[in-house]
């Protein structure tokens, strides 16, 4: 399994569509066997699903995420754990031990105002709900 976490300075980055890096974790037998940090090269949320799929990601952990991005991830078969904050490595360990605190109803409210994932991203900080 491969897990991708929106990433900034060791923490779960709080706005999926604006993440400039993902930390990818390769997991075998319930344990992280390797990890690497990859730049998104400025891809917006519309391109991030393709970026993740091309890097063989199965699971995404992030802070806030709009409904358009959620639908895009779902459509390419990625499992999403949103509304997560704190240390990225600790979040992955919590996920692997089935103790990750996440929000299955996470959304960025500014996306709910008629803005879509591929459309207008704003500079709002987005911490979940």
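The values are calculated or read from the model by the stated rules, or taken from the named source; none is laboratory data. Computed from a predicted structure; not experimentally measured. Don't worry about glycine lacking a Cβ; one is built from the backbone with ideal geometry, like all the others, and counts go over all protein chains shown.
Going by the structure shown, is residue 53 without any contact (Cβ under 8 Å) to a residue 24 or more places away in the chain, out of contact with any helix residue (DSSP H, G or I) (no Cβ under 6 Å at 6 or more places or on another chain) and over 13 Å from residue 3 (Cβ atoms)? Outline the logic, then answer.
On the way: without any contact (Cβ under 8 Å) to a residue 24 or more places away in the chain: no; out of contact with any helix residue (DSSP H, G or I) (no Cβ under 6 Å at 6 or more places or on another chain): yes; over 13 Å from residue 3 (Cβ atoms): yes.
When the stated conditions are applied, residue 53 does not pass them.
Determine which member of the set 63, 30 is closer than 21 Å to residue 100 by Cα, loosely packed, with under 14 Cβ neighbours inside 10 Å, touching a helix residue (DSSP H, G or I) at 6+ places or on another chain (Cβ under 8 Å) and in contact (Cβ under 8 Å) with a residue 24 or more places away in the chain.
Working: 63 fails: loosely packed, with under 14 Cβ neighbours inside 10 Å.
Every option except 30 fails the conditions.
Looking at region 83-92, which of its residues are over 13 Å from residue 8 (Cβ atoms), touching a residue at least 60 places away in the same chain (Cβ under 8 Å) and over 13 Å from the mean Cα position of the chain (by Cα)? Of everything in region 83-92, just one residue is over 13 Å from residue 8 (Cβ atoms), touching a residue at least 60 places away in the same chain (Cβ under 8 Å) and over 13 Å from the mean Cα position of the chain (by Cα), namely 89. Can you name the residue in region 34-48 that is farther than 20 Å from residue 103 by Cβ and in contact with a strand residue (DSSP E or B) (Cβ under 9 Å, 6 or more places away or on another chain) and is also modelled with the lowest pLDDT among such residues? Restricting to residues being farther than 20 Å from residue 103 by Cβ and in contact with a strand residue (DSSP E or B) (Cβ under 9 Å, 6 or more places away or on another chain), the top hit is 40.
Scanning region 66-76 for residues that are in contact (Cβ under 8 Å) with a residue 12 or more places away in the chain and exposed (fewer than 14 other Cβ atoms within 10 Å of the Cβ) yields 71, 75, 76.
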